[in-house]
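Trainee: Before I ask anything, here is the structure I am working with.
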Amino acid sequence: MPADAPLLPGSPVDDDLDARVADVTGASHKLRISLLMTGSCLPVLGAVLLAPVLPKMQDHFEGARGAEALVPLVLTIPALALALLAPFAGIIVDRLGRRRLLLVATVVYALCGTAPLWLDSLGGILVSRVLVGVCEAAIMTCCTTLIGDFYQGPQRVRYLSLQTMCTAASATVFFVVGGAAGSAGWRVPFWLYAVSLLIAPFMAIALPGTERKSASDRQARPVSEYRRPFPWRQMRSTCALTVFGAMVFYTVPVEMSYLLDDLGVTSSGVIGLATAVASAATVVGAVAFARMRRAPDVVLPPVLAVCSLGFGLMYLADSAPFLVVGAVVNCLGTGMLLPALLIRGMSRLEFADRGRGTGLWTSAMFGGTFVLPLVLLGVEKAVGALASAVGLLGAATALMAAGLLWARRRQAAGGLLGDATSEQSG
């Protein structure tokens, strides 16, 4: 089992990679990281772009069989496809290479994303949306894996945090853009998927391959270093925690408008402003995490406690300003939560496993995103109000924080006991 990658200054570059991927400064580095951040935002585009036009789509397909249930799936089914297929994308990434799969997926993403511009069948549109989810699985897995390949130590932490910042900020931007474009018709927002065709050529030029060194360069190293079991045990715990973390992370973006509506706020401008303020807090949280330089296992309990506090304030809110304060507190925590979970998983992976591990993590992340509305809807029906359901999620988050803190202290105590026993036996 590979050891956790160090998160402090001085971490070595993976010595099984070609030396040319170690360039982490200069104009080429800035272009490379910009492309990886842009690529990471494409799956978010698929998740939120169409939300404002769903009512118009519902009206257009009003006579179609099952339209009431199928039209909402146009928005959510890519996330389900992404969650189901990301592990397979990870396997392909490790076997065929990150750059090649990323380029193909980015081009196909545009073709499938714009297909509803010409499709008149609701069934055909749903098929195209499933294919969008397939491409999103490959794109997100490749971009995250390449960040892990190109950067080490504090730089890896910084850029994985930046990835969180970019995706959180882009969600708000895409929601606004989708609403503006949708005013011209429900099909118009689909044109925005073509933006990936502008990105793909730059990726082909600017992203180097992360190839293995030749076999002759590695003959001196034991075969056991290359033929080792995948760290399933560590990834299982990380992925399970990520499913829960995804639900915590997406509660405010997904449910904020409904919570405000329950408080009597119906203005789309006010709702958009409140969501934007919360998104800004997520960015601030991600920046704070990048500056901490602490191991994820140390950070996660207090971060989850902050998220729980925010949920508690949202539950108690009896006015829109109070609700926004709670959302801001929660999003400060979620801005630190997502990169902490991602780095926790990446630190357990070596080069040969990084694509598969990232695919599993991505699957867990978007799986949690997909089930969140269903879970909160079920809890809301049981307790009678969405705010109460959010309050219960806050309580669960507090219990998770306490459990992680207890587990970490127990592990530390076990380590100290082991050291004392070794000294006595010595």
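Trainee: Going by the structure shown, is P72 surrounded by fewer than 20 Cβ atoms within 10 Å (Cβ to Cβ), out of contact with any strand residue (DSSP E or B) (no Cβ under 8 Å at 6 or more places or on another chain) and in a helix (DSSP H, G or I)?
Mentor: Here the answer is yes, as P72 does meet what is asked.
Trainee: Which one of these is surrounded by fewer than 16 Cβ atoms within 10 Å (Cβ to Cβ) and touching a residue at least 12 places away in the same chain (Cβ under 8 Å): A81, A64?
Mentor: Sole residue among the options that is surrounded by fewer than 16 Cβ atoms within 10 Å (Cβ to Cβ) and touching a residue at least 12 places away in the same chain (Cβ under 8 Å): A64.
Trainee: In addition: Going through segment 370-400 one residue at a time, which ones are of a type in the set (S, T, N, Q) and either in contact with a Cys (Cβ under 7 Å, 6 or more places away or on another chain) or surrounded by 23 or more Cβ atoms within 10 Å (Cβ to Cβ) (or both)?
Mentor: T397 - this is the single residue of segment 370-400 that is of a type in the set (S, T, N, Q) and either in contact with a Cys (Cβ under 7 Å, 6 or more places away or on another chain) or surrounded by 23 or more Cβ atoms within 10 Å (Cβ to Cβ) (or both).
Trainee: Moving to a separate point now. On the given criteria, is L313 buried (at least 18 other Cβ atoms within 10 Å of the Cβ), at pLDDT 90 or above and of a type in the set (A, V, I, L, M, F, W, C)?
Mentor: yes
Trainee: For residues in segment 84-134 being under 29 Å from F61 (Cα atoms) and either touching a Lys or Arg at 6+ places or on another chain (Cβ under 6 Å) or among the aromatic types (F, W, Y) (or both), which is surrounded by the fewest Cβ atoms within 10 Å (Cβ to Cβ)?
Mentor: W118
Trainee: Okay, moving on. Could you please find all residues in segment 337-385 being free of Cβ contacts under 8 Å to residues at least 12 places away in the same chain and in a loop (DSSP other than H, G, I, E, B)?
Mentor: Selection gives G384 alone.
Trainee: Next question. Sort through T38, T25 and tell me the only one that's modelled with pLDDT under 85, surrounded by fewer than 22 Cβ atoms within 10 Å (Cβ to Cβ) and of a type in the set (V, I, T).
Mentor: T25
Trainee: Kindly establish whether L31 is on the phi < 0 side of the Ramachandran plot, assigned to a helix (DSSP H, G or I) and modelled with pLDDT of 80 or more.
Mentor: It is true that L31 is on the phi < 0 side of the Ramachandran plot, assigned to a helix (DSSP H, G or I) and modelled with pLDDT of 80 or more.
Trainee: In segment 386-398, which residues are touching an Asp or Glu at 6+ places or on another chain (Cβ under 8 Å) and free of Cβ contacts under 8 Å to residues at least 24 places away in the same chain?
Mentor: A389
Trainee: Name the single residue that is modelled with the lowest pLDDT among those in segment 170-187 being among the polar types (S, T, N, Q) and either under 14 Å from T275 (Cβ atoms) or touching a strand residue (DSSP E or B) at 6+ places or on another chain (Cβ under 9 Å) (or both).
Mentor: T172
Trainee: Can you spot a residue in segment 111-128 that is closer than 17 Å to T38 by Cα, modelled with pLDDT of 80 or more and in a helix (DSSP H, G or I)?
Mentor: Looking for residues that are closer than 17 Å to T38 by Cα, modelled with pLDDT of 80 or more and in a helix (DSSP H, G or I), one finds at least one in segment 111-128, hence yes.
The values are calculated or read from the model by the stated rules, or taken from the named source; none is laboratory data. Just so it is clear, the structure is predicted and the values come from calculations on it, not from any experiment. Don't worry about glycine lacking a Cβ; one is built from the backbone with ideal geometry, like all the others, and counts go over all protein chains shown.
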